[in-house]
Amino acid sequence: MMSGLTLFLIPVGLLATVAFLTIGLFSMARGGGFSRDQSNKMMRLRVAAQAVTIAVLMAFSLLAVGANT
């Protein structure tokens, strides 16, 4: 079960991080009112998605080590 969750959650988290990063970069490059409203929000969402992905990676790593001992 854990490997199935790993195969699902890790790629989803990575894709979310890349998506928020890309949208944030494009909004900064576009400039104007859209940039002011959206680029900072997208970068905050990227940091949150990245933190959640790293936490999931660490949790699965710790569970895998604990299961093998």
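Going by the structure shown, is A49 of a type outside the set (S, T, N, Q), at pLDDT 85 or above and touching a Ser or Thr at 6+ places or on another chain (Cβ under 6 Å)? For A49, the condition - of a type outside the set (S, T, N, Q), at pLDDT 85 or above and touching a Ser or Thr at 6+ places or on another chain (Cβ under 6 Å) - is met. Somewhere in region 34-44, is a residue hydrophobic (A, V, I, L, M, F, W, C) and touching a residue at least 40 places away in the same chain (Cβ under 8 Å)? Looking through region 34-44, none of the residues is hydrophobic (A, V, I, L, M, F, W, C) and touching a residue at least 40 places away in the same chain (Cβ under 8 Å). If the condition is being among the β-branched types (V, I, T) and either surrounded by 11 or more Cβ atoms within 10 Å (Cβ to Cβ) or assigned to a helix (DSSP H, G or I) (or both), then region 22-69 contributes T22, I23, V47, V52, T53, I54, V56, V65. A Cβ distance below 7 Å, combined with a sequence gap of six or more or placement on separate chains, defines the contacts here; from region 20-33, residues that are under 12 Å from R44 (Cα atoms) reach residues that are charged (D, E, K, R) in the pairs F20/R46; L21/R46; G24/R46.
The values are calculated or read from the model by the stated rules, or taken from the named source; none is laboratory data. Worth saying up front: this structure is predicted, and the values here are computed from it rather than measured. Don't worry about glycine lacking a Cβ; one is built from the backbone with ideal geometry, like all the others, and counts go over all protein chains shown.
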